[in-house]
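The values are calculated or read from the model by the stated rules, or taken from the named source; none is laboratory data. Since the model is a prediction, treat every value here as computed from it, not as a measurement. Positions of Cβ are generated from backbone atoms using ideal geometry, with glycine treated the same way; all protein chains shown enter the neighbour counts. Calculation scope for accessible area: heavy atoms of the full protein, side chains included, ligands and nucleic acids excluded. Shrake-Rupley method; radii C 1.70, N 1.55, O 1.52, S 1.80 Å.
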Amino acid sequence: DRFKAVVSTQSTGEGPLVSCSQEISGALLPDSELLCFYTCLEFTMDKEPKIGASFKKDGPLGCPYSDYPNFHPWMENWTRVKNKDTNYPQEFVDSVGPELRAALNKGIRVLEPGCGRGLHVKGMAEAFPNSTFIAFDIAEEVVAQNKEENKMANIEYIVGDFCNMPQEWNGTFDYLMIFDCMHDLPHPADAMKGLKRVLKEDAMVTMVDINTSSDMVKESKNPISAALYNISLHHCMSVSLAMEGVGLGACWGVEKALEMLKEHGGWKEEEISVDLESIVRHAVYRLKKGRGLCA
């Protein structure tokens, strides 16, 4: 009954629209990670007319990020609930391996692309004060907010483009952590090409992304596949296409991710491992350059 109270149906003129109010769901079920995820329907499904127009020959390419003013607050809230559920960063670091914890405790240089509201990097910086962190996002207003609200001596927030990381970063980072952003990028192949470039000779990458199969028939057996494809169409694919990108979408799948990491990132089979168990509905890709963080 509490779940039913959160879900509402409204008319769009084209038929019923099911949505979840973030305000109501937060009050009734504040710790429900899945319901928190579904609240994005509230600001994605109203893009239906513009998304529909995108299928026309002379229609728009998609909806830009500026059409989604509620995206970053929603992502912040969803991340906060997920982090609480998984005791982030402690359980995440342990799931990656003891070498990551040892390196972070000792003090390393860490990069987070697409940091959003900065909850991941802030959690890491608080837990591992000996390490230094650079976190960047393409959204200037988000970076400005982080500088004001999430100030820490060992974090530097900057505006940056994951698909075009600065040459001066070449070979300067020990660890690169990516959370739920690769599939939104306009040119993910370019971002993947930059991963090894900015890492030191012995370094590590973790890439956390939605756990789906690239095989749509196989993925259709996932109980929430319809919702994932729906949200991907109405946000993830759309923002990428609006920037004249490839529009991978959230359901690009583990198979496609591995293919691209090898083809565009230059990662070899033996340098990649994938964890499908540690974070619900997510895949954690571990990429080891050289001797990794054991050196």
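List of remarks:
- For region 185-197, Karplus couplings with θ = phi - 60° (6.51, -1.76, 1.60), whole Hz, Gly/Pro x: 5, x, 9, x, 4, 5, 5, 5, 5, x, 4, 5, 4
- Under 21 Å of direct C-alpha separation, and excluding same-chain neighbours fewer than eight residues apart, K47 reaches these lysines: K56, K57.
- Look at the dipole of region 134-273 built from charges on Cβ: of V246, F179, W169, the Cα furthest out on the positive end belongs to V246.
- Take the Cα of L34, step 7 Å toward its Cβ, do the same at S214, and the gap between the two points is 2.8 nm.
- Only Lys, Arg (+1) and Asp, Glu (-1) charged, at Cβ; region 170-295 dipole about Cα centre in debye: 180 debye
- Taking θ as phi - 60° and the Karplus parameters 6.51, -1.76 and 1.60, the scalar couplings of region 34-40 work out to 5, 5, 4, 4, 5, 5, 5 Hz in sequence order, x denoting glycine and proline.
- Taking a ≥ b ≥ c as the square roots of the eigenvalues of the Cα gyration tensor, the chain is prolate, since a/c reaches 1.5 or more and a/b is larger than b/c.
- Close amide H contacts of G253 (hydrogens built in the peptide plane, cut-off under 5 Å, sequence separation of 5 or more or a different chain): T212.
- Theoretical gain in end-to-end length, E76 to D46 [0.36 nm per residue, Cα-Cα removed]: 8.7 nm
- Charging the Cβ of each Asp and Glu at -1 and of each Lys and Arg at +1, and nothing else, the dipole of the chain about its Cα centre rounds to 360 debye.
- When each of K122/K256; K200/K288; K193/K256; K122/K147; K262/K289 is checked by Cα-Cα distance, pairs over 22 Å: K122/K256
- Accessible-area order (highest first, 1.4 angstrom probe) of the listed residues D161, D275: D161, D275
- Listed peptides 106-113, 247-254 by packing density, highest first (mean Cβ within 10 Å): 247-254, 106-113
- Three-way shape label, region 100-233, alpha-carbon gyration tensor, a/c 1.5: prolate
- Where only DSSP H runs of four or more residues are counted, the chain gives -10500 deg cm²/dmol as its mean residue ellipticity at 222 nm, each run worth -39500 (n - 2.57).
- Annotation: per residue accessible area for the chain equals 47 Å², rounded to a whole number [probe 1.4 Å, protein chains only].
- Heavy-atom accessible surface of the chain: percent carbon and sulfur, 1.4 Å: 53 percent
- Computed magnitude of the charge dipole of region 95-167 (debye, nearest 20; Cβ of K, R +1, Cβ of D, E -1): 360 debye
- Region 176-226 and region 229-295 have Cα centres lying 2 Å from one another.
- Normalised contact order of the chain, rounded percent, pairs of Cα under 8 Å and 6 or more residues apart: 16 percent
- Dipole axis of the chain (+1 Lys, Arg; -1 Asp, Glu on Cβ), positive-most option in A227, M237, A103: A103
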